[in-house]
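Below is one structure, written out as structure tokens; comments come after it.
The values are calculated or read from the model by the stated rules, or taken from the named source; none is laboratory data. The structure presented is a predicted model; accordingly, all values stated were derived computationally and were not measured. Every residue, glycine as well, gets a Cβ built from its backbone with ideal geometry; the counts of neighbours run over all protein chains shown. These area figures cover heavy atoms from the full protein model, side chains too; ligands, DNA and RNA do not enter into them. Shrake-Rupley method; radii C 1.70, N 1.55, O 1.52, S 1.80 Å.
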Amino acid sequence: MAAEKLRRTLVTAGRVALGAAAAGSAVLAYGSLIERNLFGVRQETLQILPPGRRPLKLLHLSDIHMTPGQKRKQAWLQALAGLEPDLVVNTGDNLSHRQALDPLLDALGPLREFPGVFVPGSNDYYAPVLKNPFTYFSGPSKQPPDYADRELPWRRMHAVFGESGWVDLSNRHQSMVLHGLRLDFTGVDDPHLGRDRYTGFPHGSSTDSQSDHLRIAVAHAPYQRVLDYFTADRPDIILAGHTHGGQVCIPGYGALVSNCDLPTWRARGLTYWEHDGHSVPLNVSAGLGTSRMAPIRIACRPEAVLLHLTARSA
């Protein structure tokens with residue numbers, strides 16, 4: 001009798017283990033084959049324009065991680081031009097392969113007809129390498145030293161973006177006029193690689209703060225030091241990406257990692273960053289792609305973000 005009881009226990013345990021393995025395989029298959037291709041547009045509304053100003057549509061793109069053959073992603077990106085944004089903000093990690101630049105430029109072609117600004121991420125500079133995913137739980141990922149062997153065609157990408165009229169904000173500030181409103185931008189090169197050098201917002205005349213304007217701060221990776229020095233200069237909004245929204249999340253809980261020192265509950269969405277007595281809207285995009293070394297998303301669909309900016313009350 002004891003032997004029969006042991007046999008039944010082992011059979012039951014085996015069935016449970018097989019069931020768990022099958023369920024795990026199904027989740028991985030779903031995340032790899034289905035969810036990572038369920039592109040969508042998250043829409044947010046912010047009352048941050050000067051009183052009386054017409055609304056603006058700002059399209060925030062991040063973490064496209066293009067690789068050759070991603071026809072569905074290319075077509076979806078091209079179709080975003082139908083949103084007719086007033087401004088495109090690209091917060092980096094556009095590439096994930098040396099042969100991906102032409103597909104990327106083709107996908108962004110219709111959007112490059114609109115005014116835009118951009119900053120790079122680490123995966124614009126260097127191709128990703130295979131890593132143990134559990135290392136992300138010990139802190140932000142570290143870049144291997146073999147940079148030269150993995151360099152991507154970022155110079156050509158920046159040149160084409162610039163030829164399209166998109167402004168490079170890598171450790172730079174610049175202003176542009178859009179529908180009669182002055183937009184003041186500041187941005188930094190990729191903080192994840194330690195390339196950020198903050199230059200502040202554009203300096204104009206002694207009375208330029210009295211004219212209608214909007215301040216926009218842009219970075220790829222939302223490290224707290226970056227958010228703090230942005231916020232100290234009182235922007236109207238901060239835009240960032242890098243986190244992939246956690247990429248593999250737990251339903252009902254959210255992200256487990258942010259791949260930087262940003263709290264995981266801020267890894268995706270619109271929140272407010274507070275520093276030095278100021279509170280600033282912070283939009284972190286979950287991005288549109290994944291590293292080609294980890295092509296999976298679970299409970300974290302890829303996204304572009306359409307921000308509807310409206311006027312404050314007088």
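Out of Leu33, Leu80, report the one residue that is within 16 Å of Glu113 (Cα to Cα) and out of contact with any Gly (no Cβ under 9 Å at 6 or more places or on another chain).
Values: Leu33 fails: within 16 Å of Glu113 (Cα to Cα).
Answer to the selection: Leu80.
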- Note on the structure: The correct count of residues that are within 15 Å of the chain's Cα centre (by Cα), on the phi < 0 side of the Ramachandran plot and of a type in the set (S, T, N, Q) in segment 235-283 is 5
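Keeping to segment 261-314, report how many residues are aliphatic (A, V, I, L, M) and surrounded by 23 or more Cβ atoms within 10 Å (Cβ to Cβ). Steps first, answer last, please.
Narrowing segment 261-314 to residues aliphatic (A, V, I, L, M): 262, 267, 270, 280, 282, 284, 286, 288, 293-294, 296, 298-299, 304-307, 309, 311, 314.
Narrowing the set further to residues that are surrounded by 23 or more Cβ atoms within 10 Å (Cβ to Cβ) leaves 262, 267, 282, 284, 286, 288, 304-305, 307, 309.
Qualifying residue count for the region: 10.
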- Task: Please go through segment 261-281 and pick out each residue that is more than 18 Å from Pro302 (Cα to Cα) and either basic (Lys, Arg) or not in a loop (DSSP other than H, G, I, E, B) (or both).
- Result: Thr271, Tyr272, Trp273, Glu274, His275, His278, Ser279, Val280, Pro281
- Expected output for segment 261-273 (first residue closer than 15 Å to Val218 by Cα, partner crowded, with 16+ Cβ neighbours inside 10 Å and of a type in the set (Ser, Thr, Tyr), Cβ below 8 Å, 6+ apart or cross-chain) is Trp273/Thr231
- Query: Has segment 196-214 got at least one residue that is part of a loop (DSSP other than H, G, I, E, B), among the charged types (D, E, K, R) and closer than 28 Å to Pro140 by Cβ?
  - Reply: yes
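Having 1 or more residues that are at negative phi and of a type in the set (S, T, N, Q) is the bar; report the strands (runs of 3 or more DSSP E) wholly within segment 23-126 that clear it.
Details: elements: 40-49, 56-61, 87-90, 116-118.
The strands (runs of 3 or more DSSP E) meeting that bar are 40-49, 87-90.
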- Task: Show the residue pairs that are 6+ apart or on different chains and have beta-carbon atoms under 6 Å apart, the first residue being within segment 173-193 and over 24 Å from Pro222 (Cα atoms) and free of Cβ contacts under 8 Å to residues at least 40 places away in the same chain, the second being assigned to a strand (DSSP E or B) and not hydroxyl-bearing (Ser, Thr, Tyr).
- Result: Arg182/His213
- Task: May I ask you to list the residues in segment 164-195 that are farther than 22 Å from Ser211 by Cβ and open to solvent by 50 Å² or more (accessible area, probe 1.4 Å)?
- Result: Arg195
- Query: of a type in the set (Phe, Trp, Tyr) and under 19 Å from Ser285 (Cβ atoms): does that describe Tyr229?
  - Reply: no
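Checking the structure you have, find out if any residue of segment 218-225 is open to solvent by 30 Å² or more (accessible area, probe 1.4 Å), among the charged types (D, E, K, R) and on the phi > 0 side of the Ramachandran plot.
We begin by selecting, within segment 218-225, every residue open to solvent by 30 Å² or more (accessible area, probe 1.4 Å); these are 224-225.
Checking the rest, the ones that are also among the charged types (D, E, K, R) come to 225.
The next check asks that each one be on the phi > 0 side of the Ramachandran plot; those that pass are none.
Within segment 218-225, none of the residues are open to solvent by 30 Å² or more (accessible area, probe 1.4 Å), among the charged types (D, E, K, R) and on the phi > 0 side of the Ramachandran plot.
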- Query: Restricting segment 67-85 to residues that are under 19 Å from the mean Cα position of the chain (by Cα) and over 16 Å from Val41 (Cα atoms), which is least open to solvent (accessible area, probe 1.4 Å)?
  - Reply: Thr67
- Note on the structure: Among Asp106, Asp86, Asp102, the single one that is at pLDDT 95 or above and touching a helix residue (DSSP H, G or I) at 6+ places or on another chain (Cβ under 7 Å) is Asp106
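Let's see how each residue does on (1) on the phi > 0 side of the Ramachandran plot; (2) at pLDDT below 95; (3) in contact with a Phe, Trp or Tyr (Cβ under 6 Å, 6 or more places away or on another chain):
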residue	(1), (2), (3)
Gln143	no, yes, no
Ala159	no, no, no
Gly165	yes, no, no
Ser175	no, no, no
Leu181	no, no, no
- Quick check: is even one residue across segment 231-242 without any contact (Cβ under 8 Å) to a residue 12 or more places away in the chain, open to solvent by 40 Å² or more (accessible area, probe 1.4 Å) and assigned to a loop (DSSP other than H, G, I, E, B)? no
